[in-house]
Amino acid sequence: MSFISVFDVIGPNMVGPSSSHTAGACAIAHLAQKMLNGTLKEVEFTLYGSFAKTYGGHGTDRALLGGIMGFDTDDVRIRDSFEIARERGIAYRFLTDEKETDVHPNTVDIRMRNDSGTQMSVRGESLGGGKVRIVRINQVKVEFTGEYNAVIIIQKDRPGVAAHITRALSDRGVNIAFMRLFRESKGEKAYTIVESDDRLPEDIIGQLLENPNIREVMLVQKSSQ
């Protein structure tokens, strides 16, 4: 009789025992790492709710670490993510916060630092069935699922920026499915998230950055394409 680990593949799209606690956790981190330019050097995960209570037993820690290294939810390397992270020179740690209760029960904050010292934080929620939602980027509330190809634009909240974004995408023949603006307050830092059925051209970044009010552009392409 052979022993089957809970981290063996139990379905075509998932490694681990729970769609919420493993597949969902991996998907959140996989999205987060796409938003960080450069090479990841350090990551800190803060877990809330049921994530905080069961992350070791359900493999949430392995899944998060695998996702932040770019592993998809069905990648068997998730089982060895601790060892692989150490081999890659990635410093990592897991914290729990059971005091903040006004959050979705499967919530994680991910704080990342790349090889040039740039830091970024992302909050994600695992909604069940492998579905996830990013609800905060660098302390700004957003809403982003990763179900479409997307461009995430960090900008100053100034007139004309939205027109520049839509014109640049239209010039490249990109069909916009959704476009939403999230901001800290009027005239301050804002995030525009544009989602499309089409794969986004890599060189759209340079065109968008031609507007002086746009500070950074991140492409988040769907893995399946």
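The values are calculated or read from the model by the stated rules, or taken from the named source; none is laboratory data. For clarity, every value in this text was computed on a predicted model and none was experimentally measured. Please note: Cβ atoms are built from the backbone with ideal geometry, for glycine as well, and neighbour counts cover all protein chains shown.
Some notes on this structure:
- Apart from one condition, residue 172 fits all of (1) out of contact with any helix residue (DSSP H, G or I) (no Cβ under 9 Å at 6 or more places or on another chain); (2) of a type in the set (D, E, K, R); (3) over 19 Å from residue 107 (Cβ atoms); the exception is (1).
- Members of the range 34-75 found to be part of a helix (DSSP H, G or I) and modelled with pLDDT of 95 or more, listed by number: 64, 65, 66, 67, 68
- The residues listed here are 172, 113, 133, 215; of these, the one that is over 21 Å from the mean Cα position of the chain (by Cα) and not aliphatic (A, V, I, L, M) is 172.
- Scanning the range 191-205 turns up no residue that is surrounded by fewer than 17 Cβ atoms within 10 Å (Cβ to Cβ), part of a strand (DSSP E or B) and out of contact with any helix residue (DSSP H, G or I) (no Cβ under 7 Å at 6 or more places or on another chain).
- Annotation for the range 177-185: no member residue is assigned to a helix (DSSP H, G or I) and surrounded by 12 or more Cβ atoms within 10 Å (Cβ to Cβ).
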